[in-house]
Every structure is written in structure tokens, then in C-alpha cells.
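Written below as C-alpha cells is the structure these notes are about.
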Amino acid sequence: PTTETGMENVLIEGCFLNYASLGISGGGQHTDVMMRRNVIINSYSEGSHQQGLYGANISLYLEGNIFDHDGWFMKQIDGGNEAAMGQATMFNHSTYLSNCHYAWMHGNCFLRSSSIGSKFTANSKDGIDTIKASNILIENNYYLDGEIGISAGGNTDFNLGHRWEHMYILNNFIDRPGESQHTGRTL
């Protein structure tokens, strides 16, 4: 499912998505989205960035889900970031959450991601850094392979203040990061 408008009080539970070109994606203001015990695997695109789950401006509860082999169909051929034929790129991840508030990720498995298992960004605008992500708890998750287990940063930072508030990353297990080098990079 995908939407550009906001949703609230959404439950996605017990679903199996295999080879879904959009996975689960939303760019509107989403509040109180709960995803439990889903399996999202082999989500990729042959011409654009792709995640198993993408959400911007979202409050999310993510528990007991399995994300496997998301963001890619085949390894990067020439070591660049070419998405043709579903190649792994540094822009594709299992989950990508941008400017989210109130997110809890607990007891999930992120396996063989194209690049990052759980990517979080907090992007500022208009030359001013403000809190763009807050109240995030990432705990008791399992990350296998992929280049990076958890990334919390942002592409836009003016070095003028904080963009994150109350973010906790606790008791996660990151197993063999970078082992398969899906994008051809060594990190």
C-alpha cells in the first residue's frame, strides 16, 4: 500500500509481501501506525530507490516483523549505484524513516538489506536546524548482513543545533555486517 495523504490508527498485521515493488510506503502525515508480525521480503525496483518500509512524518510501532532481502534483487555489478535490473545500491534499505516522532521498533529481524537495516533521517530546512525526529526507541532487534545495521543521521545539517531528541538504541544484535557486500562497497 502507498499513500501521499495522512492516515491514522492503522494496523498492518500478519501480512506477507514478496516481490512487492513498492513494499509499504507513505509520504504524508501518518499517526499511530502499527505493524506487527509481517513478512516483507524481496522488495526492489529496477529504476528508483526502494525500501521494504518507507515512512516520512510518521509515528510508528513496529514489532515482530521480518524484513529480508529488501532494496535489491541482485548484487551491484560494476560497483556504482546503478539501480537497473534491481541492483543493490547504497540508497536502498530494509526500513527508511524520515522526520519521525514517536517510533518504537522492537523484536524485528532485518536480514540481508541492500545497504542499511534501519535508516533514520532528520533533515532540516531553510538554513536552520530544528528537532525533526524525537521519541524513538530501537530495541531488541536482530540485524544480519547488510552494510550497516542502524543509521541515524540526515542529509541536511547546518551545524546550528540539534535535529534529534530522545532517541534510544538499546540491546540490538548486529550480526556479520557487510559480509556479502551487496553494493560492492567495503565499510
Single condition ALA88 does not satisfy, out of (1) free of Cβ contacts under 8 Å to residues at least 40 places away in the same chain; (2) within 20 Å of GLU46 (Cβ to Cβ); (3) in contact with a Lys or Arg (Cβ under 6 Å, 6 or more places away or on another chain):
(1)
Expected output for segment 157-175 (first residue farther than 15 Å from LYS132 by Cα, partner open to solvent by less than 100 Å² (accessible area, probe 1.4 Å) and among the polar types (S, T, N, Q), Cβ below 8 Å, 6+ apart or cross-chain) is LEU170/ASN140; ASN171/ASN140; ASN172/ASN140; ASN172/ASN141; PHE173/ASN141
When you look at ASP129, is it among the charged types (D, E, K, R) and modelled with pLDDT of 95 or more, yes or no?
no
Considering only segment 1-45, state which residues are at pLDDT below 80, open to solvent by 40 Å² or more (accessible area, probe 1.4 Å), of a type in the set (Gly, Ala, Ser) and closer than 20 Å to PHE110 by Cα.
SER21
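So, of the residues in segment 46-70 that are of a type in the set (S, T, N, Q) and modelled with pLDDT under 90, which turns out to be surrounded by the most Cβ atoms within 10 Å (Cβ to Cβ)?
Step one: of segment 46-70, the residues of a type in the set (S, T, N, Q) are 48, 50-51, 57, 59, 65.
Retained after the next criterion (residues that are modelled with pLDDT under 90): 48, 50, 57.
Values: SER48: 12, GLN50: 27, ASN57: 18.
Filtering first and then ranking leaves GLN50.
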Just to be sure, is GLY55 assigned to a loop (DSSP other than H, G, I, E, B) and small (Gly, Ala, Ser)?
no
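The values are calculated or read from the model by the stated rules, or taken from the named source; none is laboratory data. None of these values were measured; they are calculated from a predicted model. Note that each Cβ is placed from the backbone with ideal geometry, even for glycine, and that neighbours are counted across all protein chains shown. Surface accessibility is based on the protein's heavy atoms, side chains included, excluding ligands, DNA and RNA. Shrake-Rupley method; radii C 1.70, N 1.55, O 1.52, S 1.80 Å.
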